[in-house]
Amino acid sequence: MEDHEVGLKMGTLSGFAGFLCLSVTVLSCMAQDNDNVHYYDFVLRESNFTRLCRTKSMLTVNDSFPGPVIRVNKGDRVYMNVHNKGHGVKQPRNPWSDGPEYITQCPIEPGSNFTYEVIFSREEGTLWWHAHSDWTRATVHGAIVVYPAAETTYPFPEPDGEEVLVLASWFEGDVNQMVQEALQTASETPQSNAYTINGQPGDFCSCSNGSTYRRLVDYGKTYILRVVNAVMNAELFFAIAQHNLTVVGMDGAYVKPIATSYIMISPGQSMDILVTANQSLGHYYMAARQYDNADQSDNYDKINATAILQYRGNYTPPSSPSFPTNLPSYEDFSAATNFTQSLRSLANEEYPINVPINITTRMYVTAVMNAIVYPNNLSNLASSLNNVSWANPTTDILLAYYRNMSGFYTTDFPDWPPAFFNFTGEDVETNVITSKGTKVKVVNYNEAVEIVFQGTTVYDAPEDHPMHLHGYSFYVVGMGYGNFDNETDPKGFNLVDPPELNTISIPKKGWLAVRFIANNPGVWFWHCHLDKHLSWGMETVFIVKNGDTPEISICDPPAYLPPCRDSFDSWLQEFDDSAGKMRKLDNN
């Protein structure tokens, strides 16, 4: 069996770097006496799973799909020892445990292990951890539940129970092998064969009827659903038949309660949702389906993933559970937009916010699907930010930055696109050529940063781009459609109660404005959370410089860091077109 290298992320917890991807804030490099410390052993190995009538071997953590749930209280510290036997948390000042491969560490080699240290200092609610190496996160991921700190409680009545629901993609084949082949041949990355809820596709999929995930509930009780979208390349609608939902949290922060009959959740996002079991005793489908905003015609997964909300009690079970008629259709643009634009922070005395007002660093960043040219006038698919398509270095950027090593990256990521035109027009030039580069953006400690992300119609490929920032949450102060107008659009910014998130989508044919204070020194990954776009280069890195004292500077590195090897990026860098499968550019 082929060996695999991995990295994890938390806080998303991300990384097998990248294993552990995290989005938590570490306030001290040294453990404090009052820390509540938890220890987890994560063993990565190949396990056999049968879905859709077929059995395959895939990489998992502790032989489970999805992986184990991490449960902590706000302020707790976690040590995760990851043993590689197979092959989002903000991490204040501790980028060494963030996890993305070639950014903050290199993959954990087969037969070795690496320990991640995570302090849950600010987040409260639901987050998740996942692999951040190639497309390994398809099967290596799990939820993180951060309960209120001791002697505190929720900003809403305490629920009677909870349920973690992880939404994921199922691929019948070896997804990493399929992606490698796609990158070699300039073809589309693989489509999933189904979506799953807690590892099961549900009643509408082949050979799945008897294994559909069920949650037993008692009439009259209220439950908190902790929903994670671990899907690789799709935003999803989710609803429960005949039940109303109340969204109370997102990405580890509380929001003003949103009463709704459905949610729209992007890859990388997590939500806390209250549901009261107040319907007639029976069985009700919990269902998820893809929100298609990419004008892809029929080229997407139309499978409805289902689980069952099942009431306890004495009654005759229905012949079939009720299906949610309130689940929006696949292409319901208005439903998706209305939900996202309803998000607001609590922004009260107990849960204050700190939106930067006096901006010192401004960026205008275009998210583009385009092409990259290689020798012999050959081209391949690419994606880019400000026309720079990311290239992984040969050692991780954090180590190179920390040790002041030259030659691994440059600090010239552009604040503006190289050319301005009607980015969302119908007649945009499609033959937009990008260049590969390891270009990073450097900001000083405590800078007030504003980034406006601009969607485009280049290559006739407009769609949402869920942008995720490691090491930070940010305030979503505005979004709209068409091209951003820097004179009129800022007048409508929400500086009172904008949602504080770590992942949010640039609207299709639109723009998105976020703000944050750069007060977490380190090397932090910005990327689109559609993994096909990540593989094609839609990412960059923020380096936040140290403050003036050791307390506001990057922690020292751990004694052991995994060595570096090649990643998917090498498939593009070292392509051999002996099979003649790359596309010739049209010189006309």
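From the square roots a ≥ b ≥ c of the eigenvalues of the alpha-carbon gyration tensor of segment 465-517, which class results: rounded (a/c under 1.5), prolate (a/b over b/c), or oblate? Oblate shape, in that a/c is at least 1.5 and b/c is the bigger or equal ratio. What net charge do the residues around Ser505 carry, taking every other residue with its C-beta under 10 Å from that of Ser505, with Lys and Arg at +1 and Asp and Glu at -1? Within the 10 Å Cβ shell, the charges total -2.
Entry comment: accessible area of segment 164-227 is 36 Å² per residue, from protein heavy atoms only and a probe of 1.4 Å.
Computed about its Cα centre, the charge dipole of segment 283-428 is approximately 460 debye, with only Lys, Arg, Asp and Glu carrying charge at their Cβ. Shape verdict for segment 312-444, please, from the Cα gyration tensor: rounded (a/c under 1.5), prolate (a/b greater than b/c) or oblate. It comes out prolate by the Cα gyration axes.
Projected label points at Asn244 and Thr55, each 7 Å from Cα along the beta carbon direction, are separated by 4.8 nanometres.
Heavy-atom accessible area per residue, segment 398-536, 1.4 Å probe: how many Å²?
Details: 5060 Å² over 139 residues.
I get 36 Å² per residue for this part.
A simple packing score, the average count of other Cβ atoms within 10 Å per residue, orders the peptides 404-412, 259-267 as 259-267, 404-412, with the highest score first.
Shape verdict for segment 203-287, please, from the Cα gyration tensor: rounded (a/c under 1.5), prolate (a/b greater than b/c) or oblate. Walk me through the numbers on the way to the answer.
Numbers: a/c = 2.11, a/b = 1.08, b/c = 1.94.
Because a/c hits 1.5 or more and a/b fails to exceed b/c, segment 203-287 counts as oblate.
Between Tyr219 and Thr115, what FRET efficiency follows from the Cβ-Cβ distance if R0 is 51 Å, with the result rounded to 0.05? Could you put the intermediate results ahead of the total?
On the way: r = 45 Å, r/R0 = 0.89.
Efficiency at R0 = 51 Å is approximately 0.65.
Applying 1/(1 + (r/R0)^6) with r as the Cβ-Cβ distance of Gln177 and Leu495 and R0 = 56 angstrom yields a FRET efficiency of 0.70.
How much of the accessible area of segment 251-398, in percent, comes from carbon and sulfur atoms when a 1.4 Å probe is used? Using a 1.4 Å probe with all protein chains present, segment 251-398 comes out at 47 percent carbon and sulfur.
Could you calculate the contour length gain from Val443 to Lys302, that is, 0.36 nm times the residue separation minus the distance between their Cα atoms, to one decimal place in nm?
On the way: separation 141, 0.36 × 141 = 50.76 nm, distance 4.29 nm.
Once the chain is fully extended between Val443 and Lys302, it gains 46.5 nm.
The values are calculated or read from the model by the stated rules, or taken from the named source; none is laboratory data. Bear in mind the structure is a predicted one, so any value in this text is a computation, not a measurement. Virtual Cβ from ideal backbone geometry, glycine too; neighbours counted across all protein chains shown. Heavy atoms of the whole protein, side chains included, go into the accessibility calculation; ligands, DNA and RNA do not. Shrake-Rupley method; radii C 1.70, N 1.55, O 1.52, S 1.80 Å.
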